Amino acid sequence: MKLNIRYNKGMVLQALRYHFISRREIKLLMILVNVFALLAAVLYALKLISPLPFLMSSVLWISMMVAFWIWLPSMIYRKSKTFKDEFTISIEENHFFIETSNGQKTWAWREFSSYYETPGFFHLYFDSKSFFLIPKDVFPEQEQLDSARTIFREHIKKG
């Protein structure tokens, strides 16, 4: 199946947020910062600590959320030419093809390490940091979306 892709900035930013939040190390960091912030709030409410640790935990939490929710996705979007290009992909039983105005590239499914599905995209990972986004809204019919999902499930391990 051939699909024409042109990315929507808002949807790509959301997909990048999913990417960052899905990483194991970022999940762990968020859990630790949230536990620290809650502990500081409880200890401050019980008057066992001064306001400074509570304030520091709040600033840390807000900084982390701004970094993962706004700053990192925006920076990746600005630096990546892929998200501003228009191109055609082909999803076939044994290969994944991409064709741009600059040329074309083919990957066998074994070259992808994993895939991850979010509400708006399929994230096809080459490794933990390199991935390709396929918007779900480019599939003209539900049957094609289901067919692509089946191909991904059969040939790439779920991440």
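Below is a table of values for the structure above.
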| item | result |
| --- | --- |
| Dimensions (Å) - the stretch 9-79, Cα atoms, principal axes, largest first | 46, 20, 15 |
| 10 Å binning of all Cα-Cα separations within the stretch 71-154, expressed as whole percents from 0 upward | 15, 50, 32, 3 |
| Spread of Cα-to-Cα distances over 10 Å intervals beginning at zero, given as percent, for the chain | 10, 32, 28, 15, 10, 5, 1 |
| Dipole magnitude of the stretch 9-79, debye to nearest 20 (Cβ charges: Lys/Arg +1, Asp/Glu -1, about Cα centre) | 280 debye |
| Extension gain (nm, one decimal) between Ser63 and Leu32, 0.36 nm per residue minus Cα-Cα | 9.8 nm |
| Helix 51-66 axis, angle to the chain major axis (alpha carbon atoms, nearest 10°) | 10 degrees |
| Within the chain, helix-based [θ] at 222 nm, where runs of 4 or more DSSP H residues each add -39,500 (n - 2.57), nearest 500 | -15000 deg cm²/dmol |
| Packing-based order for 31-40, 100-109, using average beta carbon neighbours within 10 Å, highest first | 31-40, 100-109 |
| Acute angle (nearest 10 degrees) that the helix 142-155 long axis makes with the longest principal axis of the chain, alpha-carbon atoms | 80 degrees |
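A short reminder: the numbers here are calculations on the coordinates, not readings from a lab. This one's a predicted model, so the numbers in the text were calculated from it and none came from an experiment. Please note: Cβ atoms are built from the backbone with ideal geometry, for glycine as well, and neighbour counts cover all protein chains shown.
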